[in-house]
Amino acid sequence: MADGAAVQQERLDALLDERRTFPPSEEFRRQANAADHAIYQRAAADPEAFWADEAARIDWFKPWDKVLEWNFPWAKWFVGGKLNVTYNCVDRHAAGPRRNKAAIIWEGEPGDSRVLTFGMLQREVNRFANALKSLGVRKGDRVAVYMGMVPELPIALLACAKIGAPHSVVFGGFSAESLRERINDAQAKVLITCDGAWRRGHVVHLKHNADEALHGTPSIEKVIVVHRVGERAEAAMHEGRDLWWHHLVEHASDKCEAEPMDAEDILYLLYTSGTTGKPKGIVHTTGGYLVGTAATHRYIFDVKENDVYWCTADIGWVTGHSYIVYGPLANGTTSLMYEGSPDYPDRGRFWQIAHKYGVNILYTAPTAIRTFMRWGTEWPAKYDLSSLRLLGTVGEPINPEAWIWYNQHIGRERCPIVDTWWQTETGMCMITPLPGLTATKPGSATRPFPGIDAEVLDEKGERVGPGAGGYLVLNKPWPAMFRTIYGDPERYVRQYWSRYPGRYFAGDGAKVDDDGYFWLLGRVDDVMNVSGHRISTYEVESALVDHPSVAEAAVIGKTHDVKGQAISAFVTLKEGTPATDHLKEELKQHVAHKIGALARPDDIFFSAELPKTRSAKIMRRLLRDIAEGRVLGDTTTLADPAVVASLRQQYEAKE
Ligand code: WTA
């Protein structure tokens, strides 16, 4: 953890002088969904009663017998309750006054757009649910999804949930090999993909990657392909295995009964990086997840009946699952989804979309905000953004400068900002302002959501005093928490619940200030956060040593102005392999091919040896000092100090 500690200290120092506070306006407070501080006391006094009240907003086929059964570290929420997520997200709205209200507004890349009302969404979901059934997909069967941001993606998820088939979405930026690994771990029966996806006017060959992945996935019986890019797709359809989405739904009925699911039945799996090379299948279940995402969405984003709400995440990540699809739709909200990039056709694209649809609530990532800052204020200044009334961020710590810029240039000093801390594992926002109640401080995620019990502990498990850094833990179960790691319950216990007995270990550093506000300091383990994406150093190291020229590799996340962290790799080549620039490029490409472009290293340094302690541990702290061009820290424990000197020279030569 030594490496993480150094990063934490840097952020702690940087935040030391941050004293600005931004109370919500009286006008905002008066209309807020959470307008009374008593919500915190009420939830703290009886969290189960608080969550039961929230659960009452969901339609249950059979009410629960017990709110929580907590058999550390195994949780069951709403025990005995029966419900269906899609019924709650779609059917109940389609049956009432929201029938003709926009559920999903989709803005496509090359000038396309589409609006699905709750009624239309219901018919599309039902047709596709029937298509899945016709292929033999039954309750409990896993369905893998590898798609771009097209309307068929949420339709596919909702169709799976309707028939009780857990989905496992793999972000479209992942490689064939990453997809194969996830399909095999989940033993998925069907894969849903697209012929291709649009990215800045170019085609991403999803189907081609999927075909490559499908060598060696014996569980897959059928592949359903959405027609998106047409002739420009590179892949052929495989007779007997591949089916076009539009053919399948053509004659499918648009009526489909929702499968009554147990509150604890699996809703989905979502793979995320841990400290080893093997991604973890995070398991989310039905009742608690829906209650948790709907309640947090309602209070944190303060959604109102006629709001247009836009979360800019990709549905391939948990943010898209919880806050593009399930939370908003459970609340009957109009949720906007965008297929493309923020800079295509130009750098004003987000603001043009916000204006076009009159977006009221915008939820994005600090890395995007820092990119907008770099592009300059002239882009947002061109657009009337007066419809915006609330802004949110997620994915990584936000630096106060980016917060202030977001507040000034996007929120025009009228919009509260909610900086929400959470994880794939938590399923829902955990530490966050409530926009009508919390006086925000730039860079702080502020306070635990009502009913959430968070703390910062030192190595020994003692609570740390105000201002000091430590490890973030959660002391009580919460409804949207993950229930296990798919197929690996032992890892679930070891990784999350063993560091501090009785508590959830988040893997993040944090401090609490004198006002009880939480300041997140970044990961304390070997997980990097690159543009808000979680990547383990170990995964990238494994991809590098997989290359025939590489003997050994060490990877670190170095601080980066826009991405938060960028990947630097230190590589020892096999005897006799010349260290060329060409090989550096090849290695970067190799990592992108093995994992996905998101894991491509920014820098590669060659070294005859890696700096190690006498007990052969790689000294990552020194690698970071080198990558960030700093004075080297303590080198006295190094086995061979000359190693560092040579690396240092390479770094300086690069400058
Ligand atoms: C980081 C994304 C600081 C954190 C929802 C966490 C944050 C990891 C914040 C989870 C925030 C997320 N402030 N750090 N507001 N939000 N993180 O699983 O390190 O992709 O552990 O879930 O992102 O990333 P994940």
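The values are calculated or read from the model by the stated rules, or taken from the named source; none is laboratory data. Just so you know, these numbers come straight off a predicted model, no measurement behind them. Glycine gets a Cβ as well: all are built from the backbone with ideal geometry, and neighbour counts include every protein chain shown. In case anyone asks, the SASA skips ligands and DNA or RNA and just uses the protein heavy atoms, side chains included. Shrake-Rupley method; radii C 1.70, N 1.55, O 1.52, S 1.80 Å.
For the reader, a short list of remarks on this structure follows.
- FRET efficiency, 1/(1 + (r/R0)^6) with R0 51 Å, evaluated for Lys356 and Arg491 via beta carbons: 0.65
- Sulfur and carbon atoms: percent of accessible area, the range 287-380 [1.4 Å]: 49 percent
- Column: log10 I(q)/I(0), Debye, Cα scatterers of the range 416-559, q = 0.12, 0.13, 0.15 Å⁻¹: -0.57, -0.66, -0.84
- When Rg and the Kirkwood radius Rh are both evaluated on Cα atoms of the range 1-104, their ratio Rg/Rh stands at 1.13.
- By DSSP, the beta bridges lying fully in the chain are antiparallel in about 60 percent of cases.
- Projected area averaged over orientations for the range 525-583, convex hull of C-alpha atoms, nm²: 4.5 nm²
- With contacts taken as Cα pairs under 8 Å and at least 6 residues apart, the range 183-237 reaches a relative contact order of 48 percent.
- Here the label points at Asp59 and Asp515, each 7 Å from Cα along the C-beta direction, are separated by 4.2 nm in the simple model.
- Among the trypsin sites (Lys or Arg not before Pro) found in the range 222-322, those both in a DSSP coil and sparsely packed, with 11 or fewer other Cβ atoms within 10 Å of their Cβ, are Lys255.
- Per residue of the chain, the DSSP helices (runs of n ≥ 4 H) give a summed -39500 (n - 2.57) that works out to -8500 deg cm²/dmol at 222 nm.
- Table column - 3J(HN,Hα) (Hz), the range 519-534, Karplus curve with 6.51, -1.76, 1.60, x for Gly and Pro: 10, 7, 10, x, 5, 9, 10, 8, 9, 9, 10, 9, 6, x, 9, 7
- Between Asp453 and Glu652, the contour length at 0.36 nm per residue exceeds the alpha carbon distance by 66.9 nm.
- Between Asn475 and Val562, the modelled label-to-label distance comes to 4.3 nm, taking each label 7 Å out from Cα in the direction of the beta carbon.
- In plain terms, the chain from Gln408 to Arg138 could stretch by 92.1 nm, reckoned as 0.36 nm per residue minus the Cα-Cα distance.
- Pairwise FRET efficiency - Gln9 versus Thr275, Cβ, R0 = 22 Å, nearest 0.05: 0.60
- Loop-resident trypsin sites (Lys or Arg not before Pro) (DSSP state other than H, G, I, E or B) in the range 588-646 with no more than 15 further Cβ atoms inside 10 Å of their Cβ: Arg614, Lys617, Arg630.
- Counted over all Cα-Cα pairs of the chain, pairs farther apart than 48 Å make up 11 percent.
- For the range 375-483, chymotrypsin sites (Phe, Trp or Tyr not before Pro) meeting the loop criterion (DSSP other than H, G, I, E, B) and having at most 16 other Cβ atoms within 10 Å: Tyr383.
- Rg/Rh (Cα only; Kirkwood hydrodynamic radius) as it applies to the range 87-201: 1.00
- By definition, a body whose alpha carbon gyration tensor gives a ≥ b ≥ c is oblate when a/c is 1.5 or more and a/b is not larger than b/c, and the range 218-291 fits this oblate description.
- For Val226, the residues 5 or more places off, or on other chains, whose built amide H falls under 5 Å of its own are Thr193, Cys194, Asp195, Trp245.
- Packing, as the average of other Cβ atoms within 10 Å across residues, places the peptides 205-217, 121-133 in the order 121-133, 205-217, highest first.
- Applying 0.36 nm per residue to the separation of Ala551 and His593 and subtracting their alpha-carbon distance, the gain on full extension is 13.2 nm.
- Pairs from Lys139/Lys278; Lys207/Lys278; Lys207/Lys280; Lys222/Lys255; Lys66/Lys222; Lys82/Lys304 whose Cα-Cα separation, in the structure shown, is over 32 Å: Lys66/Lys222
- Over the chain, relative contact order from alpha-carbon pairs under 8 Å, at least 6 apart, %: 14 percent
- Using only side-chain charges placed at the Cβ, +1 for Lys and Arg and -1 for Asp and Glu, the dipole size of the range 545-632 relative to its Cα centre rounds to 420 debye.
- Solvent-accessible surface of the chain, taken per residue with a 1.4 Å probe and all protein chains present: 37 Å².
- Computed with the Debye formula from one identical point scatterer per Cα of the range 362-414, without solvent, the log10 of I(q)/I(0) at q = 0.15, 0.18, 0.31 Å⁻¹ comes to -0.36, -0.53, -1.45.
- Where labels lie 7 Å past Cα in the beta-carbon direction, separation of Glu69 and Thr635 in nm: 6.0 nm
- Contact order relative to length of the range 539-627, as percent, for alpha carbon pairs under 8 angstrom and 6 or more apart: 30 percent
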